[in-house]
Amino acid sequence: MKYITFTVPCYNSESYMRRCVDSLLPGGRDVEIILVDDGSTDRTAEIADEYQLRYPDIVRVVHKKNGGHGSGVNKGLELARGLYYKVVDSDDWLDLHSYWRLLEKIREMCGGGRADFEGNIPDLFVCNYVYDHLDQGVRKSMGYRNVFPNEELCTWETIGRFHPSQYLIMHALMFRTEVLRKSGVKLPEHTFYVDNLFSYQPLPYVESIYYMDMDLYHYYLGRDDQSVNEKVMMKRIDQQIRVTELVAKSVDLDEVKKQYPKLAAYMTRNISIMLSISSIHLLLIENAEAMEKRRNMWDKIREYNAALYYRLRYSTLSGLTYLPGKLGGKLTVGGYRFARKIYQFQ
């Protein structure tokens, strides 16, 4: 049995992908590692093939023409044989001790791999992640102690409240593979920031959650060309807006609220955060075209779901990023820069 399928989308990753793959190999034959070479033009494909040759029972390689990060995630999910599915970006890595603890917990829940096992295993594992400015020696751990009980099965009805700085990003999550497939999540190609859709659309299909209060995933920050770099985000603002719209349309929050009110509240806030980020970067661009895009973004939310629009516009965080006038814009940007400094997310 393969307990976990790790998919590593790789594009021109030769200078750092070994750190990532080497951190996954200690799972041995209990895991599979799918390296998706997304049309790389450097030695990425050669390095991936080398790992497959050395570890044929663990590593599988896919070579495909360039389709972007989302297409790599889609291909991995299509091929996955593991009970759980996790995406690890090629410049990130897992903490060894936490990784072993996670695998041991899954083995325990699955009865040690017995073929006749019919246990109650969670639809979603949640672990802490670390914003790791490796080159500067600065790290910031992001956890969920106030939201989920530690190492106990729970449901959306029994969770606590998320703090403003907390949301469920892809790096913190590991879904059961069948849950992802049931949700129908499919990421658009040639688009950045699609991890927001991956970590949002499947949530209503999750019936049980298991949180382990440990720093598992190291999210590397520091490359100038990273998608989360502020200047890069401003250049790719149209992609941010597109993903925000896809997320807002991916789930009927009124239906979710009937079954899972707490989850619906979180998912509404998640859209609010995405709108806030897009709004702030449009403000940072500081031109008339950007302001028009901001108005259009909000208008599309209103056209899609008027009730959601008014909740977001007047009673959530995103409303504070749509303050009128120059003073409102300055207050919004100032608040954003303060949060970035505190939480070390860029």
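The values are calculated or read from the model by the stated rules, or taken from the named source; none is laboratory data. What you see is a predicted model; the values in this text were computed from it and never measured. Because the Cβ atoms are built from the backbone with ideal geometry, glycine has one as well, and the counts that use them run over all protein chains shown. These accessible areas exclude ligands, DNA and RNA; they are computed on the full protein's heavy atoms, side chains included. Shrake-Rupley method; radii C 1.70, N 1.55, O 1.52, S 1.80 Å.
Pull up segment 1-27, narrow it to residues that are of a type in the set (Gly, Ala, Ser) and in contact with a helix residue (DSSP H, G or I) (Cβ under 9 Å, 6 or more places away or on another chain), then point me to the one that is farthest from residue 81 (Cα to Cα). Taking the candidates together, the pick is 13. Just one of the listed residues (76, 119) is small (Gly, Ala, Ser), out of contact with any His (no Cβ under 7 Å at 6 or more places or on another chain) and at pLDDT below 95, namely 119. Only one of the numbered conditions (1) in contact (Cβ under 8 Å) with a residue 60 or more places away in the chain; (2) more than 17 Å from the chain's Cα centre (by Cα) is not met by residue 211, and that is (2). Taken over segment 147-189, the residue count meeting the criterion of being farther than 24 Å from residue 120 by Cα and of a type in the set (Gly, Ala, Ser) is 1. Cβ-Cβ contacts under 9 Å between residues 6 or more apart (or on different chains), taken from a first residue in segment 176-201 that is at positive phi to a second residue that is part of a loop (DSSP other than H, G, I, E, B) and open to solvent by 10 Å² or more (accessible area, probe 1.4 Å), are listed as 184/201; 190/66; 190/68; 193/227; 193/228; 193/236.
Among the residues of this structure, residue 276 counts as one that is within 19 Å of residue 195 (Cα to Cα) and in contact with a Ser or Thr (Cβ under 8 Å, 6 or more places away or on another chain). Return only the number of the condition from (1) closer than 27 Å to residue 161 by Cα; (2) at pLDDT 90 or above that residue 314 does not satisfy. The failed condition is (2).
Among the residues of segment 192-214, those identified as within 14 Å of residue 69 (Cβ to Cβ) and at pLDDT 95 or above are 194, 195, 196, 197, 198, 199. Highlighted here are the helices (runs of 4 or more DSSP H) found entirely within segment 240-314 that include at least 2 residues which are surrounded by fewer than 18 Cβ atoms within 10 Å (Cβ to Cβ) and over 25 Å from the mean Cα position of the chain (by Cα): 288-304. Within segment 215-232, not a single residue is at pLDDT 95 or above, closer than 30 Å to residue 100 by Cβ and part of a helix (DSSP H, G or I).
For residue 186, the criteria (1) under 14 Å from the mean Cα position of the chain (by Cα); (2) of a type outside the set (S, T, N, Q); (3) open to solvent by less than 40 Å² (accessible area, probe 1.4 Å); (4) more than 25 Å from residue 23 (Cα to Cα) hold in every case but one, which is (3). Screening segment 118-147 for residues that are surrounded by 17 or more Cβ atoms within 10 Å (Cβ to Cβ) and more than 19 Å from residue 95 (Cβ to Cβ) and picking the one that is nearest to the chain's Cα centre (by Cα) gives 124. For segment 197-214, a residue qualifies if it is in a loop (DSSP other than H, G, I, E, B) and either among the β-branched types (Val, Ile, Thr) or out of contact with any Ser or Thr (no Cβ under 7 Å at 6 or more places or on another chain) (or both), and the qualifying residues are 199, 206.
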